[in-house]
Amino acid sequence: MLHLFRKELVSATALLMCVSLSFDISAQNPGLIDFERSRYGTAGVFDYTEDTDLTITASATGLLRFPGSYTIKQGTTLRELFAYTGGPIIREKDNRTRRTIYVVLSRPLASGETQVVFEQEMQETIQPLTSDMPLADGDVLSVFIETRELFRWQNAFTAVSTSASVITLIVTLFRR
C-alpha cells in the first residue's frame, strides 16, 4: 500500500511546503484532509544551528506537531529531525478502527527526481525509528496516518437486511 503513495506523496509534499509557508491552509481550505494540513496551523521555519556549524536544510510535512523547513547541523540524524518535529499528531484511538502510521524519508537526486531512502510502518502506536541515518541537504520527512474501520456486526446486519429486502422485492414483482 505504501508503494502506491510514493510518487503522489513526494509531489504533494513539495506542493504542501510551498503553499503552507505562504498562508494558513486551515483557515483558507477547511475541507482539506489531515494529510494536507496540520491541526496546529501552518508550517514553520526552524533553525537548530549555531553560527559556526555547517548546515543543511530538510523539510518535514504531514501529520506532525511542527511541520516546516528545518535548518540543521550537517550530520543530524533522522531520529533527531523526527524529535525536532514533535512527532506525529495522534488522535485518540477507538476500538472500531485500526491505524497505521507511515514515516517516509525521500531524497532529491541530481536528475531532479526523488528517491525514497527510508520508510517505516508503525501499527497503532509510535515506535522508535529503525534507522539513525544522517540526513542530506533537501531531504523530506513525511508522516501520514491511514485509518481503517474494523469489521462490525452492525455492518453485516445492514448488508443482510438490504439483500433480503431486494430479494423480497424481486420475488414480489415476478409473482404478478
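The values are calculated or read from the model by the stated rules, or taken from the named source; none is laboratory data. Values in this document were obtained by computation on a predicted structure and should not be read as measured data. In this analysis, Cβ positions are derived from the backbone assuming ideal geometry, glycine residues included, and neighbour counts consider all displayed protein chains.
Is one or more of the residues making up the stretch 82-98 within 22 Å of Phe46 (Cβ to Cβ), of a type in the set (A, V, I, L, M) and touching a residue at least 60 places away in the same chain (Cβ under 8 Å)?
Looking for residues that are within 22 Å of Phe46 (Cβ to Cβ), of a type in the set (A, V, I, L, M) and touching a residue at least 60 places away in the same chain (Cβ under 8 Å), one finds none in the stretch 82-98, hence no.
With respect to Ile72, determine if the residue is over 29 Å from Thr52 (Cβ atoms), surrounded by 13 or more Cβ atoms within 10 Å (Cβ to Cβ) and at pLDDT 80 or above.
no
Give me the strands (runs of 3 or more DSSP E) completely within the stretch 55-134, filtered to those with at least 3 residues that are small (Gly, Ala, Ser), ordered by residue number.
It comes to 55-62.
Which residues, counting only those in the stretch 62-81, are touching a Gly at 6+ places or on another chain (Cβ under 8 Å) and touching a residue at least 60 places away in the same chain (Cβ under 8 Å)?
Leu64 - this is the single residue of the stretch 62-81 that is touching a Gly at 6+ places or on another chain (Cβ under 8 Å) and touching a residue at least 60 places away in the same chain (Cβ under 8 Å).
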